[in-house]
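The block underneath contains the structure these notes are about, expressed in structure tokens.
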Protein chains: 2
Amino acid sequence: MTARTADRGARTTGLDLHLGHISGTVRAGLMDAFREAIRADRLAPGTRLPSSRVLAADLGIGRNTVVRVYSELISEGWLTALRGSGTEVSQRATELTGRRTRRQPARPRSQPVHDLRPGYPDLSSFPREEWIRAVKRTISTAPFEAFGYTDPHGRSELRETLARYLARARGLRARADNVIVCSGAAEGLRLVVAGLAKAGVTKVAVEEFGLQTQRQALLKAGLEAVPIPVDSDGADISLLDRSPGLGAVLLTPSHQFPLGVALHSDRRAAVVDWARRRGTLIIEDDYDGEFRYDRSPVGALQGLDHDHVIYLGTASKSLAPGLRLGWLVLPDHLVEVISSQKGETEETAGFVNQLAMTDFIESGAYDRHIRAMRAHYRRRRQQLVETIRQHSPGTQEAGMPAGLHVVLEQPARNGSELARRAAREHLAVEPLDLFRHPESTSDRDGVVIGFAAPSPSGWSGALDALVRALR
Amino acid sequence: MTARTADRGARTTGLDLHLGHISGTVRAGLMDAFREAIRADRLAPGTRLPSSRVLAADLGIGRNTVVRVYSELISEGWLTALRGSGTEVSQRATELTGRRTRRQPARPRSQPVHDLRPGYPDLSSFPREEWIRAVKRTISTAPFEAFGYTDPHGRSELRETLARYLARARGLRARADNVIVCSGAAEGLRLVVAGLAKAGVTKVAVEEFGLQTQRQALLKAGLEAVPIPVDSDGADISLLDRSPGLGAVLLTPSHQFPLGVALHSDRRAAVVDWARRRGTLIIEDDYDGEFRYDRSPVGALQGLDHDHVIYLGTASKSLAPGLRLGWLVLPDHLVEVISSQKGETEETAGFVNQLAMTDFIESGAYDRHIRAMRAHYRRRRQQLVETIRQHSPGTQEAGMPAGLHVVLEQPARNGSELARRAAREHLAVEPLDLFRHPESTSDRDGVVIGFAAPSPSGWSGALDALVRALR
């Protein structure tokens, strides 16, 4: 299927982005969400709704519930059944809202219909049933000490399971003692930089393109973030030696974020050599290391030297950010100084999540999910690349077939201009500039496209909007 | 039932404290836990085990599983079936371990058989089945945006539910906008003190007895913790005016921790008056405010002045610390400065926990659980007090009928001596000194007894040991 043959219903609604939270019973909540979306003008009269099957799958609820909600909203006059099949927002719906003209829309108008911002996995593919089973087993069988205050390092079961998983899937050299469970990679990095600051580090090199939140985490801990250039072989390691006073370097070696290149094997060796010679550290952010589509994922840098690499992993890309689960694998000599940044009794991740994750990995469900998602995202990326090549030949995509995002560049247009054009198509993308270190001298420009986030029913509509924006 | 007629089996084993984590399948895990406990000498030959019914209830697992485990361990020679009924650790068990004499016990010898240290609810009463149902509904019906990155303030559903619950149950004046969800009260206090430090506060008054971890949290944020005396009417508020430069006071007004008194209503008014006159703040730690046994709980101080009180609540005492759920209710003008200490994208509590808690409160399950626990802990406290009066007439108990702990004092003995005597009875209690501010001049002394923690099968054994220690 190309974007041209997209499901019209889904394209015109992008419904997954519009319904607010569904509270109360599912049915009542969904009805309220529809009424509110229509009242606030987020669903305009004439908007065609996705089929009950598609919406039920998107929301992870029963199809019968959606059928009933549609039918009740039709009888209330909010929706209209179309001849043949299909449902749309009633032309009379605005009369029902009454307050409409006096009222501000509940969300700003800039709320996009299509969202291709990077950083999200496909949330609609979260394996709800299997996760429920893991949680159920966890709560039923957990010893009751698990309900008490626990080790700030995290549950030993999860740490052991992660050590084995990371050895097998990412080539790490890790024992459970080196693993610290955190509530997401953000907390992990916060602990690391606080520990480094305490250990006397004052300057950390970062890739010239990267997450602003990570640079902010460094600054907040009183550390200077020194940019190093990134080319087609990844970060230019040779420059580390020319920057005096560095205590560490923060890298995304498996898949540079956001430029999408891998750190060349010579440079992998070189950065480890630098850390050994200088007694410095490498912080390896392995945010999407499982997702490589052209070959098997390359092992983590940590496997080369577990004494000089601090490894940062997360379930946010492989499962869902909302779980707030991340992990650090630390060199022996740093376990104490970094974990003590947590506070004595301050375990942050709840035990249910931790033990459910343990169960999820040990049962094989995690591997199955990763495999399924790898196939899913590989198809997405391929569709994206083919669509761009076909309909927008002047656009270049950067980086290798991996991860959940891609950078698009056009010779005559800069990223902000592309993002503005996308916004006119009700499509959100992020200009590369958002990720640029203020002192970077790179002339790279473009937009960062996260292709994983849209639900299956919203994907081709998003792709169409992207094609229009790039035209 | 008095302590004298305690179930012998439970008393001699205190088994709930001895089995390590049960991993793998429940049956295999329980078998390993037994073997390991016997190998490490935590279960000595001749130790009588609780009945399969009692152990199954304690561990929250099926009775058949325990029956099978007992029977397999009997056939392996670890356990012996007693004539009549009952099971004990086999006299030959040590032969099976082989390594025993060469090996250190897996836990230090000081591991108590009976644990009456404060700070824990009865973990064996955690409502597993109802929590599973709440989690299941949550994961089945959550909109998929919930699986994504969320508001660092917490899920809006939980914040709205908490605002209503706290208004109803604790008399707070709160809107959802004032509520911040944290991973436990420890994170809450960390955010508060970091925010206060940023806002220019340098000195905070604390009660002369309190949690050391709270004083440490203040120090870590660079704040000075100034002690104020506590008498039978709670903290002596009149002294606040004599201590210059205070920016806030940290109080446990509903039930002083650990002395167990309530802040007198005159002093409640006085501290609010102090905060208004001086433009200072009150941090109200309402850790066990739901548990009052002689009358309805007095409302939180926050209800008197929501502009000068920072309210700190937790599910750790009402449900379980392992959930890592706490909440702050903040004055309008402090929401930004305190919540921003979290980091921009750093929600710490996973959404499943947050929405399950929402469901648990909204369905009425939370109220039911609190009511059941209130009756349970009231009985516990009564049994404790009656047993002490009967068997140890020289011992005084301090504080009012509330909460999950009580302070015991003896005229001729100090707390450390009592704790040492308890340790000889394999009973862990904490001397009051552990909670004393280094600059306190109080001559109060004694031990702090947490009466909620033991499982139902371990309770009377713990009570017996306490009687022996106080003799």
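The values are calculated or read from the model by the stated rules, or taken from the named source; none is laboratory data. Values in this document were obtained by computation on a predicted structure and should not be read as measured data. For neighbour counting, all protein chains shown are included, and Cβ atoms are generated from backbone atoms with ideal geometry for every residue, glycine included. We work out accessible area using only protein heavy atoms, side chains counted, and drop any ligands, DNA or RNA first. Shrake-Rupley method; radii C 1.70, N 1.55, O 1.52, S 1.80 Å.
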### Query
Can you list, shortest first and in nm, the gaps between the label point of B:Ser340 and those of its counterparts in the other copies, using a point 7 Å from Cα in the C-beta direction?
3.0
### Query
What percent do you get for the relative contact order of region B:323-471 when only Cα pairs under 8 Å and 6+ apart count?
21 percent
#### Entry: Accessible surface of region B:137-219 [probe 1.4 Å, protein heavy atoms]: carbon and sulfur percent
52 percent
### Task
Over the alpha-carbon set of region B:131-259, work out the extent along each principal axis and list the three values in angstrom, largest first.
55, 32, 25
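Per residue of B:132-140, what is the mean number of Cβ atoms on other protein chains within 10 angstrom of that residue's Cβ? Please report the intermediate quantities before stating the final value.
On the way: counts 8, 1, 0, 8, 6, 3, 3, 9, 7.
Other-chain Cβ atoms within 10 Å of each residue's Cβ, averaged: 5.
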## Note on the structure
Honestly region A:342-419 on the Cα gyration tensor test (a ≥ b ≥ c root eigenvalues; a/c under 1.5 rounded, otherwise a/b vs b/c for prolate or oblate) is just oblate
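Can you give the accessible area buried between chains B and A, summed over both chains, with a 1.4 Å probe, in Å² to the nearest 100? Don't jump to the answer; show the numbers that get you there.
On the way: alone 20660 and 20630 Å², together 36510 Å².
For chain B against chain A, roughly 4800 Å² becomes buried.
Have a look at the DSSP beta bridges in region A:126-363 and tell me what percent are antiparallel, nearest 5. Walk me through the numbers on the way to the answer.
On the way: 10 of 27 bridges.
Percent antiparallel among DSSP bridges in region A:126-363 is about 35.
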### Summary
Rounded to the nearest 5, the percent of antiparallel DSSP beta bridges in the protein assembly as shown equals 60 percent
### Query
Once the dipole of the protein assembly as shown is set up with Lys and Arg at +1 and Asp and Glu at -1 on Cβ about the Cα centre, which of B:Ala167, B:Tyr311, B:Ala275 lies farthest towards its positive end?
B:Ala167
### Task
Kindly count the pairs of lysines across chain B whose alpha carbons are less than 20 Å apart, treating pairs on different chains or eight or more residues apart as eligible.
4
### Task
Run through the other copies and list how far each one's label point is from that of B:Asp231, in nm with one decimal, shortest first; the point sits 7 Å from Cα along Cα-Cβ.
7.8
### Task
Considering only DSSP beta bridges where both residues belong to chain A, give the percentage that are antiparallel (nearest 5).
60 percent
### Summary
From DSSP H assignment alone, runs of 4+ in the protein assembly as shown each adding -39500 (n - 2.57), the sum over residues rounded to the nearest 500 puts [θ] at 222 nm at -12000 deg cm²/dmol
### Whole-number percent relative contact order across chain B, with pairs defined as alpha carbons under 8 Å at least 6 apart
22 percent
### Query
Residues with amide H under 5 Å of A:Leu49's amide H, sequence separation 5 or more or different chain, H placed in the peptide plane at 1.01 Å from N; which?
A:Thr87, A:Glu88, A:Val89
### Query
If r is the Cβ-Cβ distance from B:Ala44 to B:Ala176 and R0 is 51 Å, what FRET efficiency results, to the nearest 0.05?
0.40
### Query
In whole Å, how far is the Cα centre of region B:242-308 from that of region B:345-424?
20 Å
### Task
Give the Debye-formula value of log10 I(q)/I(0) at each listed q (0.06, 0.07 Å⁻¹), with one equal scatterer per alpha carbon of the protein assembly as shown, two decimals each.
-0.47, -0.65
## Note on the structure
Heavy-atom accessible area per residue of region A:230-373, all protein chains kept, 1.4 Å probe, expressed in Å², is 30 Å²
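Mind pulling up the Rg/Rh value for chain B? Radius of gyration and Kirkwood radius, both on Cα. Show your work: numbers first, answer last.
Details: Rg = 23.9 Å, Rh = 23.9 Å.
Value, to two decimals: 1.00.
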### Task
Evaluate the distance, in nm, between pseudo-label points positioned 7 Å from the Cα of B:Ser363 and of B:Arg389 along their respective Cα→Cβ axes.
4.0 nm
